[in-house]
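Following: one structure in structure tokens, then a few remarks.
The values are calculated or read from the model by the stated rules, or taken from the named source; none is laboratory data. Since the model is a prediction, treat every value here as computed from it, not as a measurement. Please note: Cβ atoms are built from the backbone with ideal geometry, for glycine as well, and neighbour counts cover all protein chains shown. Heavy atoms of the whole protein, side chains included, go into the accessibility calculation; ligands, DNA and RNA do not. Shrake-Rupley method; radii C 1.70, N 1.55, O 1.52, S 1.80 Å.
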Amino acid sequence: MSHAHAHSEGPSAESLALNHEISDARSQPVIWGVVMVFGVLILAFVFMGGLLAITAGSITDASNTLSDSEVTQLQLPPAPRLEQNPRVDGDRIIAEATARLESYGWVNEQAERAHIPIERAMELLLEHGLDAVK
Amino acid sequence: MMHAIRRSFFTRVARLAWLPLCLLLVACHVDMYDQPKYKPNAVSNFFPDGRAMQPPPANTVPMNSYNPESPLMTGRIEGQLADQLPPEIKLDAALLAHGQSRYNAFCAPCHGLVGDGKGVIAYRGPMTVTSLHSDRLRTVQVGYFFDVITNGIGKMYSYASRIPPEDRWAIAAYVRALQLSQNADIALLTEAELQQVRAGR
Amino acid sequence: MSAQIFPRNANAIFLASLFGLVMLVIGIIAAMVGFYLSPWYTDVGVAKAQPVPFSHKHHVSELKIDCRYCHATVEKAAHAGFPATETCMSCHSQVWTNSPLLEVVRTSYQTGEPVVWNRIYDLPDFVYFNHSVHVAKGIGCSSCHGRIDQQQLAAKAQPLYMGWCLGCHRAPEDHIRPREEVFNMEWDVNALSLAQRQQLVIEYQIPTDGRLTNCFVCHR
């Protein structure tokens, strides 16, 4: 407080007479304080926004938190490990199989055998019993 | 006078000022979070193998869950593979739908949705998976599929621990439907369907 | 100068510190709430190291294996369970048979010593939870476990707070889907309109009279 004391003009004569300080609080420093807190807050938001905008895209898979020794272990096996586009192949195989299970067509025309949708096959099986296949 | 009353009121309130401090004590003890009881898949330091879920001793079965005489449990009638569903299982649309969902979950990764042995895993790995669409497997008893699921065959593991007997029968029945769908005698089909077969749609 | 005289700005300093004190208390409370909800406390999105770097992304999204192949009890029992070593070996006895990553699994299969997975979702022991009822009533895995098929190592998608459970028990129509789609990771709840979902709630006979929020449903 000594610092603040040195620079203030000291109590007015009136205050001294009354034995207490009668001047009003100066609201200016308070208002300035509030303005600055919010100003800094907004600046911080802008700064964070900028940071996020800059780093966006470069953050990809954060789910891997293996320890260092485990990561080296991961790199031990020789290079081309998994296929290039595993998802695509999986999707293709499922799509082809589903299409097959939903369509009609010949399996063996000579033997008069056809493939039919699985829903229909289930109906036929219920109609003719388990041995309809033989 | 007023003054005195006000003050004593405040002191009384002030005496209770420690109460909010109790809030700090909340959630400080966690003994009810980890109670001395076992939950499934928990680690145990009581049993020597470290499992809370102890596997049943060898050659035992849970009570009332197994009957060596029942085709439902064994897939066999008097020692021979059953050539029909056991009496407890009704062949109906619900059974086939159930079998389809089980087949797609447990068998399709290897055998493929169609059953041609070209599932995604078979495609990925150096694994030769038998196609279910061969004359041999079309003429075999249904009990055979039950038996393969229960005991495994060759390189295929047993699925008995994951698929209960009722579900195995549902899968067996569905495999039949699958076989029919890939090898239907056109005599069974309607004229309209024949058109579609010819058109290949 | 017998009177205790304050400098003129003492009032301002007093007001400012009063303001600061209030802000400090609010800030501390906000910080505590924030910490409580943040991944530091809840572990949401934080993957744990596992004895085998098992990837759901690979096995579910790319290899199209159904959840039930490994978590076989999820429809029938309270717990979904961790797969037995034998389950891994049903494929890995033939696929990637000499991968060093799978050494732990192979040893476990030979010796019978279980693989100890690090649990990710763990409710306090005073809460009762049951998978089978949720699965049977059309609540999909992804409603609670998020897109685990996109995660290499599994991480929490939910802090599992009571408010979250209650939120859905009050309004299941916001999360429900047809039973057949429970295991479908890509299903979007909004694929059905609210009216259709309300219809499902009625069809699956889910009580909407507040019974589901009774304390003893979960604390029994």
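Starting from 0.36 nm per residue, how many nanometres of slack lie between A:ILE42 and A:LEU16 once their C-alpha separation is accounted for? Intermediate results must be reported in sequence, preceding the final value.
On the way: separation 26, 0.36 × 26 = 9.36 nm, distance 4.38 nm.
Full-extension gain reported as 5.0 nm.
Across peptide A:90-97, the average count of Cβ atoms from other chains found within 10 Å of a residue's Cβ is 6. Taking amide H as placed 1.01 Å from N in the peptide plane, A:ARG26 has its amide H under 5 Å from the amide H of C:ALA12, each at least 5 places away in sequence or on another chain.
Sorting B:95-102, C:11-18 by their mean Cβ neighbour count within 10 Å, with the most densely packed peptide first, gives B:95-102, C:11-18. Across segment C:108-160, C-alpha contacts under 8 Å between residues 6 or more apart give a mean separation that, scaled by the residue count, equals a relative contact order of 33 percent. Between C:PHE14 and C:TYR161, the FRET efficiency estimated from the beta carbon spacing at R0 = 35 angstrom works out to 0.30.
Straight-line cross-link partners of B:LYS118 among the lysines, defined as a Cα under 18 Å from its Cα and at least 8 positions apart when in the same chain: B:LYS155, C:LYS64. Counting Cβ atoms of other protein chains within 10 Å of each Cβ in C:174-182 and taking the mean gives 0. Amide H to amide H, with H built 1.01 Å from N, A:TRP106 comes under 5 Å of A:HIS115, counting only residues 5 or more places away or on other chains. Within 10 Å of the Cβ of each residue in C:8-18, the mean number of Cβ atoms contributed by other protein chains is 6.
Scale the Cα Rg of the protein assembly as shown by the rule-of-thumb value 2.2 N^0.38 Å and send over the ratio, two decimals. Intermediate values should be presented prior to the final figure.
Numbers: Rg = 34.3 Å, N = 555, 2.2 N^0.38 = 24.3 Å.
Taking the Cα Rg and dividing by 2.2 N^0.38 Å, one obtains 1.41.
Just checking the listed ones, B:LEU21, B:LEU113, B:LEU189: in the Gaussian network model of chain B with Cα springs under 10 Å, the one fluctuating most is B:LEU21.
Note on chain C: with a GNM built from Cα contacts shorter than 10 Å, the maximum mean-square fluctuation among C:VAL95, C:VAL189, C:VAL60 falls on C:VAL95. Note on A:TRP106 and C:VAL127: their simple-model spin labels are 6.2 nm apart, each label 7 Å out from Cα toward Cβ.
Summary value for chain B: 17 percent relative contact order, contacts being C-alpha pairs under 8 angstrom separated by 6+ residues. Applying 1/(1 + (r/R0)^6) with r as the Cβ-Cβ distance of B:ASN45 and C:GLN152 and R0 = 45 angstrom yields a FRET efficiency of 0.90.
Tell me, in nm to one decimal, what length is gained between B:LEU21 and B:GLU88 on full extension, where the rule is 0.36 nm per residue of separation less the Cα-Cα distance?
Values: separation 67, 0.36 × 67 = 24.12 nm, distance 6.52 nm.
Taking 0.36 nm per residue and subtracting the Cα distance, the gain is 17.6 nm.
Working note: Karplus 6.51/-1.76/1.60 with θ = phi - 60° gives segment C:106-118 the couplings 5, 4, 4, 5, 6, 8, x, 6, x, 6, 9, 7, 7 Hz, where Gly and Pro are set to x. Between B:ILE77 and B:ALA82, the built amide H atoms are under 5 Å apart, and every one of these is 5 or more places off in sequence or on another chain. Each residue of segment C:172-184 is assigned a 3J(HN,Hα), and the resulting list reads x, 5, 6, 10, 6, 8, x, 3, 5, 9, 4, 8, 7 Hz, derived from the Karplus form 6.51 cos²θ - 1.76 cosθ + 1.60 (θ = phi - 60°), x at Gly and Pro.
Report, in whole Å, the centroid distance computed from the Cα atoms of segment C:159-211 and segment C:118-158. For segment C:159-211 versus segment C:118-158, the Cα centre distance is 15 Å. Farthest toward the positive end of the dipole of the protein assembly as shown, out of C:ALA30, C:GLY112, C:ALA191, is the Cα of C:ALA30, where the dipole comes from beta carbon charges about the Cα centre. Just to be sure I understand: with springs between alpha-carbon atoms less than 10 Å apart, which residue in B:ASN183, B:ASN104, B:ASN59 has the highest mean-square fluctuation in the Gaussian network model of chain B? Taking springs between Cα atoms under 10 Å, the residue moving most is B:ASN59.
Taking a Cβ cut-off of under 13 Å around B:LEU189, the surrounding Lys, Arg, Asp and Glu residues balance to a net charge of -3, with basic ones at +1 and acidic ones at -1.
Using R₀ = 25 Å, calculate the FRET efficiency as 1/(1 + (r/R₀)^6) where r is the Cβ-Cβ separation of B:TYR38 and C:ARG211; round to 0.05. Each step should come with its number before you reach the end.
Numbers: r = 30 Å, r/R0 = 1.19.
Step by step, r from the Cβ atoms, then E = 0.25.
Taking Lys and Arg as +1 and Asp and Glu as -1, the other residues whose beta-carbon sits under 12 Å from that of A:MET122 total -2.
Taking packing as the residue-averaged number of other Cβ atoms within 10 angstrom, the listed peptides C:37-46, C:203-212 run from highest to lowest as C:37-46, C:203-212. When you restrict to C-alpha pairs under 8 Å that are six or more residues apart and normalise by the size of segment A:87-134, the relative contact order lands at 23 percent.
At a 1.4 Å probe, what is the % contribution of carbon and sulfur to the accessible area of the protein assembly as shown?
Numbers: 21030 of 33890 Å².
Here carbon and sulfur together make up 62 percent of the probe-accessible area.
Could you compute the longest span of chain B free of GluC sites (Glu not before Pro) located in DSSP loops and having at most 14 other Cβ atoms within 10 Å, not counting the site residues? Answer from the scan: B:89-201.
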